[in-house]
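Working notes, beginning with the structure itself.
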Amino acid sequence: MDGDLELADSPCPGRDVVWFFANLTKTLEEYHGGEWLGARLAGLRRAPAAGEPRLALEVAGGRFLRRMGYVKTLDEAKAFIGPFAAYLAKAVSRSPEYVCAVINLFAHGDQEAGKRPVCGATPLCQSRKGVRCQLTKDCDYYNSPRAPVLAASAPAERLLGGLDGTLSDAELLSVALFGDKATGVEPLTVSLFKRYGKLRAIFAAENHEYEVMREIKPAQTLRLAAFAVLHRRVLREKRGAVLQIATAKDFYDRYAAELRGHKVGAAVLVLLDHRNNVIRDAWFCDIPPSVARLEMADLMRPVIQESASSIALVHNHPSGDPAPSPADRDFTRRLKSACGVFGFVLVDHVIITENGYFSFDEEGLLGAL
């Protein structure tokens, strides 16, 4: 972000955030002295940002932000201060901590130094001290506070400026589809979220589903298809961090993120060595209405090819109920029998849903089959 960016619906129209921040510090210097302010901010000028900037907003801080017209309630102030501090920090080439410290001193003073806040219960502009606040003309003290708006810049500009926390899912998807022209309310983006509800569901859709939408163009269909593949690859990389399987929870942690995204039946055959290290995943997707449709020959083929010592089957229940159906129980029995014929061990059959998982091994069902 450049220093000349402005806040939309700012209480000081025509003035940028650099002017606003300069007057915060000028008022503090006039009220408390430049030496005091410098001592309080020493070491913060070039300090790196440590995560999301936060400001402990008490009553005075919330009141100040309300008077400036940025928020209506203290709860809004708590959610607003992080993105606002990051926005200011970019514009004035300071760290978010430095910006937060200035706002904090302005609103709360410094109890350790015995200094009162500038904008306390009685605003400085109404005090009898005779010290003029530089923000008096622009303060919204006598007007109804306006809702905070940080979307002065386009979604793409906020993304590149490090303010991705202020972007909605719709705005991010719009940037991916439309680049720096994105607004977040394009007809295509609105239609995608109306149809699928969540990003995960959008990326799990098949290409032919996109193509029937009136708003979509071939190039955008191609981008969505590429995003879906990249999404699946990222999930696979995440799964790759867990190399050894010890419990049913390990299976859940490794495969839940991808399996939960399928709207129809999907399963993964996990091939393991004698130490329960994962050798390979064999995926079987789009198998409605149940995993029982899988052929034993198709399941045994990769096991033989990889010379696996044991296997586990993990599949989803799109219905959300992890309890095994009679077909699941019968299939598990046949799979265990096939493993016995070929000399493999079936270590578990795990069913994954949005609401958790069911493990045949944990429930003591494998031995009874």
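The values are calculated or read from the model by the stated rules, or taken from the named source; none is laboratory data. Since the model is a prediction, treat every value here as computed from it, not as a measurement. A quick note on method: Cβ atoms are made from the backbone with ideal geometry, for glycine too, and the neighbour counts reach across all protein chains shown.
Please return the ranges of helices (runs of 4 or more DSSP H) entirely within segment 236-348 where 3 or more residues are within 30 Å of ARG195 (Cα to Cα) and either aromatic (Phe, Trp, Tyr) or in contact with a Leu (Cβ under 7 Å, 6 or more places away or on another chain) (or both).
Numbers: elements: 248-259, 296-306, 326-342.
Hits in segment 236-348: 248-259.
When segment 60-80 is filtered for residues that are farther than 15 Å from ASP164 by Cα, part of a helix (DSSP H, G or I) and not aromatic (Phe, Trp, Tyr), the ones remaining, listed by number, are ALA60, GLY61, GLY62, ARG63, LEU65, ARG66, ARG67, LEU74, ASP75, GLU76, ALA77, LYS78. For segment 280-333, a residue qualifies if it is over 22 Å from TYR357 (Cβ atoms) and touching a His at 6+ places or on another chain (Cβ under 7 Å), and exactly one does: SER309.
The rows are residues; the columns are (1) in the same structural domain as GLU35 (by TED's automatic domain parsing); (2) buried (at least 20 other Cβ atoms within 10 Å of the Cβ); (3) out of contact with any Gly (no Cβ under 7 Å at 6 or more places or on another chain); (4) within 21 Å of TRP36 (Cα to Cα).
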position: GLY69; (1), (2), (3), (4): yes, yes, yes, no
position: ASP75; (1), (2), (3), (4): yes, no, yes, no
position: LYS78; (1), (2), (3), (4): yes, no, yes, no
position: ALA86; (1), (2), (3), (4): yes, yes, no, no
position: SER93; (1), (2), (3), (4): yes, no, yes, no
position: GLN111; (1), (2), (3), (4): yes, no, yes, yes
position: LYS115; (1), (2), (3), (4): yes, no, no, yes
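Under the condition of being farther than 21 Å from ASN277 by Cα, in contact with an Asp or Glu (Cβ under 8 Å, 6 or more places away or on another chain) and surrounded by 15 or more Cβ atoms within 10 Å (Cβ to Cβ), the residues counted in segment 312-368 number 1.
Only residues that are surrounded by 14 or more Cβ atoms within 10 Å (Cβ to Cβ) and farther than 28 Å from GLU354 by Cα were counted in segment 185-212, giving 1. Going by the conditions given, is LEU230 surrounded by fewer than 13 Cβ atoms within 10 Å (Cβ to Cβ) and within 21 Å of the chain's Cα centre (by Cα)? Judged against the criteria, LEU230 is a match.
Of all residues in segment 301-346, those satisfying the criterion of being of a type in the set (D, E, K, R) and over 21 Å from ARG280 (Cβ atoms) are ASP321, ASP328, ARG329, ASP330, ARG333, ARG334.
The set of residues in segment 62-97 being on the phi > 0 side of the Ramachandran plot and out of contact with any Asp or Glu (no Cβ under 6 Å at 6 or more places or on another chain) consists of SER93 alone. In the condition set (1) surrounded by fewer than 23 Cβ atoms within 10 Å (Cβ to Cβ); (2) at pLDDT 80 or above, CYS119 is compliant with all but (1).
Do we find that VAL345 is modelled with pLDDT of 90 or more and in contact with a Cys (Cβ under 8 Å, 6 or more places away or on another chain) in this structure?
Working: modelled with pLDDT of 90 or more: yes; in contact with a Cys (Cβ under 8 Å, 6 or more places away or on another chain): yes.
It is true that VAL345 is modelled with pLDDT of 90 or more and in contact with a Cys (Cβ under 8 Å, 6 or more places away or on another chain).
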